[in-house]
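In what follows, a single structure is set out as structure tokens and then discussed.
The values are calculated or read from the model by the stated rules, or taken from the named source; none is laboratory data. Given the structure is predicted, the values throughout are model-derived calculations rather than measurements. Neighbour counts are summed over all protein chains in view; Cβ atoms, including those assigned to glycine, are modelled from backbone coordinates with ideal geometry. Note: accessible area is taken over every heavy atom of the protein model, side chains too, but ligands, DNA and RNA are not part of it. Shrake-Rupley method; radii C 1.70, N 1.55, O 1.52, S 1.80 Å.
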Amino acid sequence: MASEGQTSTGYIQHHLQNLAYGKLPAGYERLDANGNVVEVLQQDTWTIAHTSQEAVDMGFWAVHLDTLGWSVFLALILGFIFNKAVGTANAGVPKGVQSFVEMIVEFVNATVTDIFHHKNRLIAPMALTIFTWVFMMNLMDLIPVDWLPFAAAQIAGDPHFFFKVVPTTDPNATMGMALTVFALMIFFSIQQKGFMGFVKELTLHPFHSGKWFVDIFLIPVNLILETVSLIAKPISLGLRLFGNLYAGEMIFILIALMFSAGLVMGIGGFFLQMGWAIFHILVITLQAFVFMVLTTVYMAMAHDVEEH
Amino acid sequence: MNINLTLIGQSITFIAFIWFCMKFVWPALISIMEEREKKIADGLEAADRADKDLELAKKKAGETLTDAKKQAAEIIEQANKRANQIVDEAKDQARAEGDRLKAAAQAEIEQEANRAKEELRGKVAALALAGAEKVLGNAIDANAHNDLVDKLAAEL
């Protein structure tokens, strides 16, 4: 809920700002919420951004503590669960955690073997990682938008403490994963087809005549087309997940605004919140699944040697 | 929404998590699941085999039962036959014994009758002699008329 004296815009902006930790240059003027200069930095300082502008001014050399913290924390939870499943695993009757984890593994395995027909020990575990981890990060979206930021602000003792709990609503997180997938794609492409094979794939497709004097003119066209389609893969992969979750988060924030707008709006907000949350269960699962499937498809494409 | 170092941090976390799954989670779980699959397949096969064995045993038991029944029936039949034979033999023996007894009795009766006839004949001859003596008034010389008397006795 918007606190006293905070505008709706401020509330929304506050909710969409990550907790950035980075370096502010010497001579930087730190402003408070009302635009007054609070202090002027004497030297380069590593600090937590107090305003969105500060986070922007930190540039590339800053980290989002909340995004990284939550994603690592969720990864640790998953790692713990997996570890427990492996620890108790035996070929007898599976039960409890083991049964649940095996169900997921079975599902991921079936999906991957359906799409990916080559031999690679990395792909299936990667698909499992993506599916479970992205699902967990998306799941944070279902926690009411104010709970964790409010708790964090209380603990930090600063009412303007930024805290964004859904890592997948941070493009850094989704693009970080998408770029890793992209790097693996290029790595496997070159590993499977050789560097020349990879270059040929970029230059001799889709137009190819077989006569060198025609090909010379076709190669630039091919290169542009193929490069665009190659670059589009990680971008669409990362932005799809980000966009879906960001939009979902945005709706939750807007619904949360209704709670501070009187009883009738509050009751309306209750039902909207519930409906959107129920719908979102589908979205978060689906997006995790889509990310996994697309990654597997891209890996399969990287392994497929096309006929010329 | 700024692109910054978080990108690389997330990538590193991602790679670390993939490595963890690839190293510790996936192979362990998959191998165990395959082992279980095999165990279940073996179990099903064993059950199948047991079923077949049971079928076979049932068939064998049925055959043995039929055989036993057949044998029993044969034995009973033989016993019946033998019993009939014994009865028949006994009947025959009895009949033969009866016949023999009858024949003996008849022979005895005949003998008795013949003896009685002889006696009667002798007595008739003596009676006839006595009657003739009385008719003739004197004694007939038994020696003289012996032929006559004998002839008379034979005619009786």
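Summary of computed values
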{"item": "Chain A - mean residue ellipticity at 222 nm from DSSP helices (-39,500 (n - 2.57) per run, n ≥ 4, rounded to 500)", "result": "-23500 deg cm²/dmol"}
{"item": "Cβ-placed point charges (K, R +1; D, E -1), dipole of region B:1-140 about Cα centre in debye, nearest 20", "result": "140 debye"}
{"item": "Where A meets B: accessible area buried, both sides, 1.4 Å probe, Å²", "result": "3800 Å²"}
{"item": "Mean Cα-pair separation over length for chain A, i.e. relative contact order, pairs under 8 Å, 6 or more apart, %", "result": "22 percent"}
{"item": "Carbon plus sulfur fraction of accessible area for region A:8-63, probe 1.4 Å, in percent", "result": "52 percent"}
{"item": "Minimum 10 Å² accessible area buried by the other protein chains, region A:169-208 residues, probe 1.4 Å, relative to alone", "result": "A:Pro171, A:Asn172, A:Ala173, A:Met175, A:Gly176, A:Met177, A:Leu179, A:Thr180"}
{"item": "Of A:Lys95/B:Lys23; B:Lys91/B:Lys117; A:Lys84/B:Lys39; A:Lys119/B:Lys38; A:Lys193/B:Lys23, pairs whose Cα-Cα distance is over 29 Å", "result": "B:Lys91/B:Lys117"}
{"item": "Amide proton proximity set for A:Ala62, modelled H, under 5 Å, gap of 5+", "result": "B:Leu5, B:Thr6"}
{"item": "Of A:Ile104, A:Ile224, A:Ile251, the one that fluctuates the most in a GNM where chain A has Cα springs shorter than 10 Å", "result": "A:Ile224"}
{"item": "Cα gyration tensor category, rounded, prolate or oblate, for region A:8-63 with a/c compared to 1.5", "result": "oblate"}
{"item": "Charge dipole (region A:1-131, unit charges on Cβ, about Cα centre) - positive-most of A:Leu122, A:Ala49, A:Gly22", "result": "A:Leu122"}
{"item": "Angle between chain A longest axis and helix A:123-139 axis [Cα atoms, degrees, rounded to 10]", "result": "20 degrees"}
{"item": "Cβ-defined net charge surrounding A:Asp146, 14 Å radius [Lys, Arg +1; Asp, Glu -1]", "result": "-1"}
{"item": "Rough spin-label spacing in nm, given labels placed 7 Å along Cα→Cβ, for A:Ile143 and B:Lys52", "result": "5.8 nm"}
{"item": "About the Cα centre, charge dipole magnitude for region A:8-63 (Lys/Arg +1, Asp/Glu -1 at Cβ), debye", "result": "120 debye"}
{"item": "Karplus-derived HN-Hα couplings along region A:99-108 (A = 6.51, B = -1.76, C = 1.60, θ = phi - 60°), whole Hz, x at Gly and Pro", "result": "4, 5, 5, 5, 4, 5, 4, 4, 4, 5"}
{"item": "Segment B:Arg115-B:Lys151, length gained on full extension (0.36 nm per residue, minus Cα span)", "result": "11.1 nm"}
{"item": "Å² per residue, accessible surface of region A:4-160 at 1.4 Å", "result": "53 Å²"}
{"item": "Cut-off under 5 Å, modelled amide H: who pairs with A:Leu19 long-range", "result": "A:Leu65, A:Asp66, A:Thr67, A:Lys164"}
{"item": "16 Å reach of a label modelled at B:Ile86, 7 Å along Cα-to-Cβ, counting backbone N of region B:59-80", "result": "B:75-80"}
{"item": "Dipole magnitude (debye, nearest 20) for the protein assembly as shown, charges at Cβ of Lys, Arg, Asp, Glu", "result": "440 debye"}
{"item": "Average accessible surface area per residue within region B:26-156, 1.4 Å rolling probe, Å²", "result": "85 Å²"}
{"item": "Spatially proximal lysines relative to B:Lys60 (Cα-Cα < 28 Å; intrachain offsets below 8 disregarded)", "result": "B:Lys52, B:Lys69, B:Lys70"}
